[in-house]
Amino acid sequence: MAGPCGDALDAIFQSRDHLHTAFGNPEGTSAEIDQRVKKIVADALSVYRVDAAKLRELRPDVIVTQSQCEVCAVSESDVEAAVAQWLGAPPKIVSLAPYALDDIFTDMQRVADTLGASPRGVELVTQLRERLSAIFGIPHNSARPRVAIIEWIDPLMAAGNWMPTLVEMAGGSNLFGTAGEHSPWMKFDDLAAKDPDVIMISPCGFNMDRAAKDLPVLTNNPKWQQLSAVRNRRVFMADGNQYFNRPGPRIAESLEILAEILHPELFHFGHEGSGWRRL
């Protein structure tokens, strides 16, 4: 976990040096990765393996994990099992569960409270909320574009959780996914039927270059070129790994990126090229 509270944490156990996926090197197409993960979950196995010996060697005072998604990071139950046999005082475990936008700020404060840095947590949350409110408070003279956020390419998944709220705050009308609920699977025919004005592709865990490798799954569909967003050149790629899929301090930059995309006549924060690009 990044952010100003990080310096106060003796050890946060989410390092790839000591956290391994059950299927090894996470390479392959979106479809191949999806199939491997679903197979592991169907077999009632954890996607991640915790190196309990290394964790004990690190002797953390606090461990930050999550219970929101069994695929995104090591689960609370896996961490509890890894420290169950420790002698002496066990580390404090903070399990984050961000579903809606407000949950992200609640979790930030919980981390700060656990670290004994409650005032800093209040300050950080206040600053981030103000940045979001500054965008949300700008009146939009133009109509709200109808927006589809794609969180996985193959199979196709829309964005849920906090993303529908961010779309609305940025001056758009969200077409798929419900605020506070998991991201839903969808069919290409669903996308074609609603024919969004704007499509933003920000696959979970992928940067823009990695996500671009799977774009032919969409662009080779005969219906792709008929979509209004494609015909009007309002299809965008965004860095989901660094921004939209991260329920942390970068949620403010995520809203800024959306605002730049949806209302370029009003917003320019300088994220084009690094955080998003037009396809």
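The values are calculated or read from the model by the stated rules, or taken from the named source; none is laboratory data. Quantities reported herein were computed from a predicted structural model and do not represent experimental measurements. Note: ideal-geometry Cβ built from the backbone for every residue, glycine included; neighbour counts use all protein chains shown. With ligands, DNA and RNA removed, areas are computed over all heavy atoms of the protein, side chains included. Shrake-Rupley method; radii C 1.70, N 1.55, O 1.52, S 1.80 Å.
Of all residues in region 52-64, those that are in contact (Cβ under 8 Å) with a residue 12 or more places away in the chain have Cβ atoms under 8 Å from Cβ atoms of residues that are open to solvent by 80 Å² or more (accessible area, probe 1.4 Å) and of a type in the set (A, V, I, L, M), 6 or more apart or on another chain, in Val64/Met1. Summed over region 265-278, the residues that are at pLDDT 95 or above and out of contact with any helix residue (DSSP H, G or I) (no Cβ under 8 Å at 6 or more places or on another chain) give a count of 4.
Could we say that Arg129 is touching a strand residue (DSSP E or B) at 6+ places or on another chain (Cβ under 6 Å) and either open to solvent by 70 Å² or more (accessible area, probe 1.4 Å) or hydroxyl-bearing (Ser, Thr, Tyr) (or both) here?
Working: touching a strand residue (DSSP E or B) at 6+ places or on another chain (Cβ under 6 Å): no; either open to solvent by 70 Å² or more (accessible area, probe 1.4 Å) or hydroxyl-bearing (Ser, Thr, Tyr) (or both): yes.
Criteria not met by Arg129.
Does Glu168 count as open to solvent by 30 Å² or more (accessible area, probe 1.4 Å), under 22 Å from Asp103 (Cβ atoms) and not in a loop (DSSP other than H, G, I, E, B)? Answer is yes for this residue. Taking region 152-204 as the range and being under 17 Å from Thr219 (Cβ atoms) and out of contact with any strand residue (DSSP E or B) (no Cβ under 9 Å at 6 or more places or on another chain) as the test, the residues that pass are Asp154, Lys187, Phe188, Asp189, Ala192.
Taking Phe244, is it in a loop (DSSP other than H, G, I, E, B), in contact (Cβ under 8 Å) with a residue 60 or more places away in the chain, among the aromatic types (Phe, Trp, Tyr) and farther than 17 Å from Leu279 by Cβ?
no
When the test is whether a residue is touching a strand residue (DSSP E or B) at 6+ places or on another chain (Cβ under 9 Å) and not in a loop (DSSP other than H, G, I, E, B), Ile149 passes it. Figure legend. Inter-residue proximity from region 201-227: first residues under 21 Å from Met163 (Cβ atoms), second residues open to solvent by less than 40 Å² (accessible area, probe 1.4 Å) and among the aromatic types (Phe, Trp, Tyr), beta-carbon distance below 8 Å, spacing 6+ or different chains. Indicated pairs: Ile201/Phe236; Ser202/Tyr243; Ser202/Phe244; Pro203/Trp152; Cys204/Trp152; Met208/Trp276; Leu218/Phe188; Leu218/Trp224. Residue count for region 171-209 under the criterion of being among the hydrophobic types (A, V, I, L, M, F, W, C), in a loop (DSSP other than H, G, I, E, B) and out of contact with any Cys (no Cβ under 9 Å at 6 or more places or on another chain): the result is 4. Apart from one condition, Leu132 fits all of (1) in a strand (DSSP E or B); (2) more than 30 Å from Thr219 (Cα to Cα); (3) under 19 Å from the mean Cα position of the chain (by Cα); the exception is (1).
Out of region 237-279, which residues are among the small types (Gly, Ala, Ser) and either over 17 Å from Gly137 (Cβ atoms) or open to solvent by 50 Å² or more (accessible area, probe 1.4 Å) (or both)? Those that are among the small types (Gly, Ala, Ser) and either over 17 Å from Gly137 (Cβ atoms) or open to solvent by 50 Å² or more (accessible area, probe 1.4 Å) (or both): Ala238, Gly240, Gly248, Ser254, Gly270, Gly273, Ser274, Gly275.
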